Each structure stands twice: as structure tokens, then as C-alpha cells.
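Data block below; observations after.
The values are calculated or read from the model by the stated rules, or taken from the named source; none is laboratory data. This structure is a prediction, so every number in the text was calculated from the model and none was measured. Positions of Cβ are generated from backbone atoms using ideal geometry, with glycine treated the same way; all protein chains shown enter the neighbour counts.
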């Protein structure tokens, strides 16, 4: 049995998952697809739409069975019976600078941070995600092992 893992980051990642699910529905997917979403914006419409699509795909998979050429890919939602798992790597009530521990940086480290991020980005609250700033998401995710040990 071939298992493919798909980790989807943000709204663009959930759109990729939608496309992959459509391929799976057409019988062009792997035997098993393990997937979850990383998105700090819980109100993201793409995530809501994709959760619905995952639920409908699962219903069709049950109805068609694994012997059918359609909907044959089994979904592994990482032991989440409620459906698609969405993980938020940041506390939405804090600005991005707090995620970076900007105040705890030395002056030289702050200068380096300013090479990569604008003042507006450092002050941007995380309550609706990274707002199309992939560099912020990448930085936040790379720092996660330093600050906390959250299980998915």
C-alpha cells in the first residue's frame, strides 16, 4: 500500500489539497493519503471549504468502496475522527514580533530581523494568520522547537 503525506500550509496549501482530492476522486491518487493543514487563521474560508470537501470525499469513499476505480484513495487524517486536522502554530492574540521574541534579541539580532521583516510585519497581529506573507510563516514554524512542544 502506497502512502503519500501531504502537509498543507495556509490558504494556498488547502487549495492544493482540494486539487489532490479531486484527483483522488477520479482514481488518480495513491492508495492512502495522509494529510493535515497548518493554518493560523481559523476563520479562513479555504480551510472551511476544504474541510467540507474532505468530509464529502470520505462519504463517497465509503459508498464506492476501495474496489471502485473512483474514490479509492483512503484518507488518513492522523487519528482525527472529526475530519481534517488544522494546526495553528501561533497564538493569535500576539504580534509577530512576540513570536520572534523580538524584545529579547540583542541590538545586532534586531538589526538582522529588520533585514528580513518590516516594522509593520513585526507589529502585525497573528489573529488572521500570516496574510500572504510566507516568510512570516516560515520564520514562525522554524522557531517552534525553541518555544514549545505542542503535539499535533
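Miscellaneous remarks
- Search result, residues across region 86-123 that are surrounded by fewer than 17 Cβ atoms within 10 Å (Cβ to Cβ) and part of a loop (DSSP other than H, G, I, E, B): 88, 91, 92, 93, 94, 101, 105, 106, 118
- Considering residues of region 60-85 that are in contact with a helix residue (DSSP H, G or I) (Cβ under 8 Å, 6 or more places away or on another chain) and under 17 Å from residue 47 (Cα atoms) only, the residue surrounded by the most Cβ atoms within 10 Å (Cβ to Cβ): 84
- Within region 19-46, if we keep just the residues that are closer than 16 Å to residue 77 by Cβ and surrounded by fewer than 18 Cβ atoms within 10 Å (Cβ to Cβ), the residue that is farthest from the chain's Cα centre (by Cα) turns out to be 31.
- For region 30-56, a residue qualifies if it is touching a strand residue (DSSP E or B) at 6+ places or on another chain (Cβ under 8 Å) and either not in a strand (DSSP E or B) or not assigned by TED's automatic domain parsing to the domain that holds residue 70 (or both), and the qualifying residues are 30, 31, 39, 42, 47, 50, 51, 54.
- Search result, residues across region 20-63 that are free of Cβ contacts under 8 Å to residues at least 12 places away in the same chain and under 19 Å from residue 2 (Cβ atoms): 22, 23, 28
- Residue within region 8-27 that is outside any helix (DSSP H, G or I), farther than 13 Å from residue 87 by Cα and in contact with a strand residue (DSSP E or B) (Cβ under 7 Å, 6 or more places away or on another chain) present: no
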